[in-house]
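Scroll down for the structure; my scribbles are underneath it.
The values are calculated or read from the model by the stated rules, or taken from the named source; none is laboratory data. This one's a predicted model, so the numbers in the text were calculated from it and none came from an experiment. Positions of Cβ are backbone-derived with ideal geometry, glycine not excepted, and every protein chain shown enters the neighbour counts. What goes into the accessible areas is simple: the full protein's heavy atoms, side chains included, and nothing from ligands, DNA or RNA. Shrake-Rupley method; radii C 1.70, N 1.55, O 1.52, S 1.80 Å.
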Amino acid sequence: MLDLVSARSRTHRDNIARYRRLLETRLTDFERQYIQRRLLEEQSELETLASVATMEISAGNSFSAAGQME
């Protein structure tokens, strides 16, 4: 599961970097608004994935600790 989260996180980071580069270029107002919206969406998705990964790691640690107690 963490491999999938890692791959998706990398994709979102790459997209964020691409959108930031695009914002440094000459764009119409419509294009700029679209890219800014997509940038915010990608950042939000990356934050969500980070939360999921943290929960997965915490759950894994809980199960591991429980297994050691038995």
TODO: Return the total of residues in segment 23-42 being of a type outside the set (D, E) and open to solvent by less than 50 Å² (accessible area, probe 1.4 Å).
DONE: 4
Open item on the list: Go through (1) in a helix (DSSP H, G or I); (2) modelled with pLDDT of 95 or more; (3) polar (S, T, N, Q); (4) open to solvent by less than 100 Å² (accessible area, probe 1.4 Å) for S62 and report which single condition fails.
Closed with: (2)
TODO: Give segment 7-49 a look and list any residue that's assigned to a helix (DSSP H, G or I), of a type in the set (D, E) and out of contact with any His (no Cβ under 7 Å at 6 or more places or on another chain), or say none.
DONE: D14, D29, E31, E41, E47
Open item on the list: List pairs: first residue in segment 41-55 and farther than 19 Å from R18 by Cβ, second residue surrounded by 14 or more Cβ atoms within 10 Å (Cβ to Cβ) anywhere in the structure, Cβ distance under 7 angstrom, at least six positions apart or on different chains.
Closed with: V52/V5; A53/V5
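Per-residue answers, yes or no, for (1) over 30 Å from G60 (Cβ atoms); (2) modelled with pLDDT of 95 or more:
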{"position": "M1", "(1), (2)": "no, no"}
{"position": "R8", "(1), (2)": "no, no"}
{"position": "H12", "(1), (2)": "no, yes"}
{"position": "N15", "(1), (2)": "no, yes"}
{"position": "R18", "(1), (2)": "yes, yes"}
{"position": "R21", "(1), (2)": "yes, yes"}
{"position": "T28", "(1), (2)": "yes, yes"}
{"position": "Y34", "(1), (2)": "yes, yes"}
{"position": "R38", "(1), (2)": "yes, yes"}
